[in-house]
1. Give the residue, chosen from Val86, Val122, that is under 17 Å from Gln172 (Cα atoms) and either in contact (Cβ under 8 Å) with a residue 24 or more places away in the chain or surrounded by fewer than 20 Cβ atoms within 10 Å (Cβ to Cβ) (or both).
2. Looking at this structure, is Glu113 open to solvent by less than 70 Å² (accessible area, probe 1.4 Å) and among the charged types (D, E, K, R)?
3. Which one of Asp111, Asp98 is modelled with pLDDT of 90 or more and more than 18 Å from the chain's Cα centre (by Cα)?
4. Kindly indicate the residue of region 1-30 that is of a type in the set (A, V, I, L, M) and at pLDDT below 70 and also surrounded by the most Cβ atoms within 10 Å (Cβ to Cβ) among those meeting that condition.
Amino acid sequence: MLLVDGMTQEVGKYKDTKTYLPQVKEQLKSMQKVVDDILYLNHCGEDIQCISVDIEGVLEEILQAYRVQIEEKRLCCFQIGEGKVVQSDEELLKKLLDNLISNAVSHTEEDGEIKVELVGTVLKIYNRKAHIDEELLPHICEPFVSSTDKRGRGLGLYVVSYYCNVLGIQFQIENVKDGVMATLTFS
């Protein structure tokens with residue numbers, strides 16, 4: 001709203017609407033995703049439909065959706081492991097994996113690395129050159145808990161944790177040597 005007010009009143013640098021209007025649009029899209037995720041949380045437990053889901057295919061689709069951001073940050077991004085089919089609600093699984101990949105892309109420094117590894121029933125997403133503040137780590141899956149860099153709204157990992165609980169997937173996130181590791185263990 002501050003950016004929009006500045007553009008409307010043609011204050012200082014905000015007169016340049018061609019520069020700042022796309023930024024407002026991106027912020028609005030980000031906020032819309034957060035609102036959609038929160039609204040979806042209220043209904044997701046009611047109509048779970050477990051089917052066979054190809055995790056490798058879902059991951060490839062999600063990584064492709066983030067290809068532009070990955071290339072802009074010059075991230076090395078690769079997937080290891082064989083295709084694995086699990087019984088899950090495909091829509092919820094896509095949403096939680098999208099949140100994890102989005103976090104990895106967003107919180108990995110330029111020239112960093114994202115590795116997605118699927119071994120048996122364990123999926124690990126490692127992002128090198130990332131770190132979660134130690135004091136935040138125990139609370140990182142609570143709503144509105146976010147790092148001081150303000151890249152997020154503090155809902156992504158809350159949504160991931162919530163969906164994992166609904167789907168019976170074990171979820172863990174931790175700092176590891178030179179990065180952060182998110183681990184999903186399917187039953």
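1. Details: Val86 fails: under 17 Å from Gln172 (Cα atoms).
The conditions single out Val122.
2. Working: open to solvent by less than 70 Å² (accessible area, probe 1.4 Å): yes; among the charged types (D, E, K, R): yes.
Yes: the conditions hold for Glu113.
3. Working: Asp98 fails: more than 18 Å from the chain's Cα centre (by Cα).
Unique residue meeting the criteria: Asp111.
4. Pass one, region 1-30, residues of a type in the set (A, V, I, L, M): 1-4, 7, 11, 21, 24, 28.
Now restrict to residues that are at pLDDT below 70: 1-3.
Numbers: Met1: 7, Leu2: 9, Leu3: 14.
Top of the filtered list is Leu3.
Okay, residues lined up against (1) modelled with pLDDT of 90 or more; (2) of a type in the set (Asp, Glu); (3) over 13 Å from Leu100 (Cα atoms):
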{"residue": "Leu137", "(1), (2), (3)": "no, no, yes"}
{"residue": "Cys141", "(1), (2), (3)": "no, no, no"}
{"residue": "Gly154", "(1), (2), (3)": "no, no, no"}
{"residue": "Ile169", "(1), (2), (3)": "yes, no, yes"}
{"residue": "Gly179", "(1), (2), (3)": "yes, no, yes"}
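The values are calculated or read from the model by the stated rules, or taken from the named source; none is laboratory data. Everything numeric here is computed off the predicted structure, so don't read it as measured data. Ideal geometry is used to build each Cβ from the backbone, glycine not excepted, and the neighbour counts take in all protein chains shown. Areas reflect the complete protein model, heavy atoms only, side chains present, ligands, DNA and RNA absent. Shrake-Rupley method; radii C 1.70, N 1.55, O 1.52, S 1.80 Å.
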